[in-house]
Amino acid sequence: MEKSRFGCFLHDLTSIFGEVSILGLPVLLLVGMTSSTASYGVTAAAIVAWLTMVLVGTLVRGGWVRPLGTETLGWLTFSPALIALRFVHYNTALAVASYGGVAVAVVVGVPPLSIFAAIVVGVGSMLALPAIGESIARSRRP
């Protein structure tokens, strides 16, 4: 029996949630251990970025949203090089979204800007990942 669109969405959601959560664990743990729980602080920005990345990754994986820079719908395969890419990409995106978002908000003097920056980085990172993965996969072909 084929899954309904809602069933496919839930399957993709849990898959991407696990992927981002496990491979992004180093930065998520760092944020949890070193940051305060201020309303617009690093922890809040990290959680918003994490959830944004999961939602956008789910939409890309399910084919509901077209990723940037590629005509191919869907998500990355599980080759070793692409798992390493995911590890670096997720941790970099989470670090930039959380610490960078708060830094931008402090410089500008608008604390809620940290949450907006986290959303922008989360969306952009997940929309760009399939194209980056595609270029790495192409470069590794004989």
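The values are calculated or read from the model by the stated rules, or taken from the named source; none is laboratory data. Worth saying up front: this structure is predicted, and the values here are computed from it rather than measured. Don't worry about glycine lacking a Cβ; one is built from the backbone with ideal geometry, like all the others, and counts go over all protein chains shown. Note: areas computed on protein heavy atoms with side chains; ligands, DNA, RNA excluded. Shrake-Rupley method; radii C 1.70, N 1.55, O 1.52, S 1.80 Å.
Evaluating 6.51 cos²θ - 1.76 cosθ + 1.60 at θ = phi - 60° for every residue in the range 81-92, the Karplus couplings come out as 5, 7, 6, 5, 4, 4, 4, 5, 5, 4, 5, 5 Hz, glycine and proline recorded as x. Report the FRET efficiency, 1/(1 + (r/R0)^6), for residue 64 and residue 131, where r is their Cβ-Cβ distance and R0 is 25 Å, rounded to 0.05. It comes out at approximately 0.90.
Take the Cβ atoms of residue 81 and residue 116, set R0 to 30 Å, and the FRET efficiency comes out at 0.35.
Quick check: residue separation of residue 72 and residue 104 times 0.36 nm, minus the Cα distance between them. What number comes out in nm? Intermediate values should be presented prior to the final figure.
On the way: separation 32, 0.36 × 32 = 11.52 nm, distance 3.37 nm.
Length gained, residue 72 through residue 104: 8.2 nm.
Probing with 1.4 Å while keeping every protein chain in the model, the per residue accessible area of the chain equals 55 Å². 3J(HN,Hα) along the range 19-26, derived from phi through the Karplus expression 6.51 cos²θ - 1.76 cosθ + 1.60 where θ = phi - 60°, amounts to 4, 5, 5, 6, 6, x, 4, x Hz, with x in place of Gly and Pro.
Taking 0.36 nm per residue of separation and subtracting the Cα-Cα distance, full extension of the segment from residue 21 to residue 34 would add 2.9 nm. Note on the chain: helix-only mean residue ellipticity at 222 nm, from DSSP H runs of 4+ residues weighted -39500 (n - 2.57) and normalised by residue number, equals -24000 deg cm²/dmol. Taken over the C-alpha atoms, the chain has Rg and Dmax values of 15.8, 54 angstrom. GNM, the chain, Cα, under 10 Å: largest mean-square fluctuation among 101, 24, 63? Sorting by GNM fluctuation, first place goes to 63.
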